[in-house]
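The block underneath contains the structure these notes are about, expressed in structure tokens.
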Amino acid sequence: MPEPFPSDSVGLVTPARQHFDQPLELVSGRVLESYDLVYETYGELNAARSNGILICHALSGDHHAAGYHSPEDRKPGWWDTAIGPGKPIDTNRFFVVSVNNLGGCKGSTGPNTPNPATGQFYGPDFPIVTVKDWVNSQQRLAEALGIDRWAAVIGGSLGGMQALQWAIDHPDRIAHAVVIAAASKLSAQNIAFNEVARQAILTDPEFHDGRYYEQGVVPRRGLMLARMLGHITYLSDESMGAKFGRELREQKLQFGYGVEFQVESYLRYQGESFVERFDANTYLLMTRALDYFDPAADYGNDLPTALRRASCGFLVVSFTSDWRFAPERSREIVKGLLDADRNVSYAEIEATQGHDAFLMPLPKYLDVFHAYMRRVADEVGA
Amino acid sequence: MELRTDLQLISEWIRPGSRVLDLGCGDGTLLRHLRDSRQVTGYGLELDPDNVIACIDAGLNVIHSNLDDGLQQYFDDDSFDVVVMTQALQVVHYPAWLLTEMLRVGREGIVTFPNFGHWQCRLQLALGGHMPVSRTLPNPWYDTQNIHLCTFRDFEALCRQKNIRILERTVVDNAHRTSLGMRLLPNLLGEVAIYRFTR
């Protein structure tokens, strides 16, 4: 069979599963007695075990960051632009681990998996987990994989927040943190967006207080609305204008409330396809984790004090048209790191694509990323 | 790699182990030299994305920002031993303010800039009646980043006005060499000046 994948792809990948019996104490005070994490790896762990990279996913992401699950797959993993042979996260040099977070809906223990205590789906009984909890669970996975210290922990958006938390919570176990299109905490406006998304789900008649699995239904309309709203905030006015403008589906106005503008059609499609691949309870949980994220809160609400705990090098990246996590929010992180006297480089990438730019193959962005990762690789002997 | 003479002169003025901020650090040549030869730590501030990439490639700490906003946004008082700015004073919007900012965040400042009082400039303006174009100022007036050109005398007058104490001055030509003439008549014969100053 001819190789069906591009030469700079990691090719066919298979998810792995790790079971943990050691109870995990959560920030909320609740305890997960046991849990599973599903993850993928790309590249080879070197003999010194020094070339491990942890990829942290964002709100709607999962462990499938690069490559293909089958030759028939039309699309590769969500960060295939950045991960692969010769790419910024070069799998010829690094051993890349990408994990589905606790509470996710792609195989790791979460609302849509059975609670071993009851045999029923967790649903709304699944504890709300925080970024700190994710980092602790990822640390357990690192132990299981024999990685004492990550060459880098990398993520965009909510993933970047995990990288930041890693740097603060486990300074000895991380050599570099790459924090892309993130913030050190959410603004009121950001929490407000999350709240509207949650209300859309919570008020859907088919939500059934989160126990919709047993009813054989999904809160389709609520989840779809949540995604449509979220999607608008991930794009920019400019990119939506360029993509759709005021283009109509039919030639003339219909004087009704059906789909008339192309942008409406696009948003509905995005919402509908999201319902097919994502779980409403997980969406609630992920948005809460975002709202709660505030590493400075444990250190007298002083970000530099929190960041003084870190000892790794930092790369911070933002995108000019991102208004969900605007450059100003990344500059707050940079300022905190400068005040804390840490090693940091910061790049503000000119981009029209809004928050989603962090997933795009923008040449300057990939050059910055590549330059930093080459330095990481050299440093850790990858 | 051979270091430009002006950068060589600057690095001799910086004590080993100092904490340095380089404003408009370019591709990081000076910071890299200071790190490798004088164990200097610190950051560069740079606006050009390709230069930012070059600095990251060199393993330097670089902050992507313009100088006018960057200093105020990022740096607290007395954060650095030395703040350096090479060949950027003439391109910033508020040079006088920037000089005081340099001495707010650092104990000492070092700047280099082209001398608009060089005899060739004077000759072109006086006899030719046109804006000078020279080796150090190669662009025509309508197509230059240099919006705040000055002579050495102007710079020193500004320092007096701002209570900035000049500690050292070296004057060189475009190839960053110095000569007896330049030492005797710097404002006429010098093309580039390097000043070290403090509060």
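The values are calculated or read from the model by the stated rules, or taken from the named source; none is laboratory data. Keep in mind that what you see is a predicted model, and the values were worked out from it rather than measured. Every residue, glycine as well, gets a Cβ built from its backbone with ideal geometry; the counts of neighbours run over all protein chains shown.
Descriptive notes on the structure:
- Of all the numbered requirements in (1) touching a residue at least 12 places away in the same chain (Cβ under 8 Å); (2) within 13 Å of chain B (Cβ to nearest Cβ); (3) surrounded by 17 or more Cβ atoms within 10 Å (Cβ to Cβ), A:Arg375 misses one, and that requirement is (1).
- Only residues that are small (Gly, Ala, Ser) and at pLDDT below 95 were counted across the range B:97-123, and they come to 1.
- Residues located in the range B:12-52, provided they are among the β-branched types (Val, Ile, Thr), within 14 Å of chain A (Cβ to nearest Cβ) and free of Cβ contacts under 8 Å to residues at least 40 places away in the same chain: B:Val40, B:Thr41, B:Val52
- Any chance B:Val83 is closer than 19 Å to B:Ser11 by Cα and more than 15 Å from the chain's Cα centre (by Cα): no
- Checklist (1) touching a residue at least 40 places away in the same chain (Cβ under 8 Å); (2) facing another protein chain (nearest Cβ under 7 Å) applied to B:Thr86, failing item: (2)
- The set of residues from the range A:7-42 being in a loop (DSSP other than H, G, I, E, B), in contact (Cβ under 8 Å) with a residue 24 or more places away in the chain, more than 15 Å from A:Val99 (Cβ to Cβ) and not charged (D, E, K, R) comprises A:Ser7, A:Ser9, A:Val10, A:Gly11, A:Gln22, A:Leu26, A:Val27, A:Ser28, A:Ser34.
- Residue match in the range A:299-317 (condition: outside any loop (DSSP other than H, G, I, E, B), among the β-branched types (Val, Ile, Thr), within 28 Å of A:Glu348 (Cα to Cα) and in contact (Cβ under 8 Å) with a residue 40 or more places away in the chain): yes
- In the range A:343-354, the residues that are crowded, with 20+ Cβ neighbours inside 10 Å, away from chain B (no Cβ under 11 Å) and over 19 Å from the mean Cα position of the chain (by Cα): A:Ala351
- Residue within the range A:220-243 that is assigned to a helix (DSSP H, G or I), of a type in the set (A, V, I, L, M, F, W, C), in contact (Cβ under 8 Å) with a residue 60 or more places away in the chain and within 30 Å of B:Tyr74 (Cα to Cα) present: no
- Residues that are β-branched (Val, Ile, Thr) and outside any loop (DSSP other than H, G, I, E, B) were ranked within the range B:11-32; the one that is farthest from B:Val111 (Cα to Cα) is B:Thr29.
- Residues of the range A:280-333 classified as of a type in the set (D, E, K, R) and either over 14 Å from A:Ser187 (Cβ atoms) or in contact with a strand residue (DSSP E or B) (Cβ under 7 Å, 6 or more places away or on another chain) (or both), total: 5
- Scanning the range A:355-372 for residues that are closer than 14 Å to A:Val178 by Cα and surrounded by fewer than 19 Cβ atoms within 10 Å (Cβ to Cβ) yields a total of 1.
- Flag not set for A:Leu359, criterion: of a type outside the set (Ser, Thr, Tyr), away from every other protein chain (no Cβ under 11 Å) and either more than 30 Å from A:Ser108 (Cα to Cα) or in contact with a helix residue (DSSP H, G or I) (Cβ under 6 Å, 6 or more places away or on another chain) (or both).
- Every listed requirement among (1) without any contact (Cβ under 8 Å) to a residue 40 or more places away in the chain; (2) farther than 18 Å from B:Arg15 by Cα; (3) more than 10 Å from every other protein chain (Cβ to nearest Cβ) is met by B:Cys55 save one, (3).
- For the range A:39-85, taking the residues that are among the small types (Gly, Ala, Ser) and touching a helix residue (DSSP H, G or I) at 6+ places or on another chain (Cβ under 9 Å), the one that is surrounded by the fewest Cβ atoms within 10 Å (Cβ to Cβ) is identified as A:Ala48.
- Residues that are buried (at least 24 other Cβ atoms within 10 Å of the Cβ) and facing chain B (nearest Cβ under 10 Å), drawn from the range A:315-329: A:Leu315, A:Val316, A:Val317, A:Ser318
- Residue in the range A:334-342 that is among the basic types (Lys, Arg), more than 7 Å from chain B (Cβ to nearest Cβ), outside any helix (DSSP H, G or I) and under 17 Å from the mean Cα position of the chain (by Cα) present: no
- Residues satisfying the stated conditions in the range B:136-161, i.e. closer than 20 Å to B:Asp173 by Cα and part of a helix (DSSP H, G or I): B:Phe152, B:Arg153, B:Asp154, B:Phe155, B:Glu156
- Identity of the residue in the range B:61-71, within 11 Å of another protein chain (Cβ to nearest Cβ) and over 14 Å from B:Arg19 (Cβ atoms), that ends up surrounded by the fewest Cβ atoms within 10 Å (Cβ to Cβ): B:Asp69
- Matching residues in the range A:97-116 - criterion: being touching a helix residue (DSSP H, G or I) at 6+ places or on another chain (Cβ under 9 Å) and farther than 22 Å from A:Arg49 by Cα: A:Asn101, A:Leu102, A:Gly103, A:Gly104, A:Cys105, A:Lys106, A:Ser108, A:Gly110, A:Pro111, A:Asn112, A:Asn115
- Test: residue in the range A:189-204 that is in the same structural domain as A:Asp62 (by the TED database), β-branched (Val, Ile, Thr), outside any helix (DSSP H, G or I) and touching a residue at least 12 places away in the same chain (Cβ under 8 Å): no
- Top-ranked residue in the range B:126-167 [being aliphatic (A, V, I, L, M) and within 18 Å of the chain's Cα centre (by Cα); ranked as surrounded by the most Cβ atoms within 10 Å (Cβ to Cβ)]: B:Leu137
- Residue-level check: of (1) part of a helix (DSSP H, G or I); (2) among the β-branched types (Val, Ile, Thr); (3) touching a residue at least 12 places away in the same chain (Cβ under 8 Å), B:Ile63 misses just (1).
- Only listed residue being at pLDDT 95 or above and among the acidic types (Asp, Glu), chosen from B:Asp22, B:Asp69: B:Asp22
- Residue match in the range A:291-303 (condition: at pLDDT 95 or above, within 20 Å of A:His231 (Cα to Cα) and either crowded, with 23+ Cβ neighbours inside 10 Å or within 9 Å of chain B (Cβ to nearest Cβ) (or both)): no
- Boolean, A:Tyr269 is without any contact (Cβ under 8 Å) to a residue 12 or more places away in the chain and assigned to a helix (DSSP H, G or I): yes
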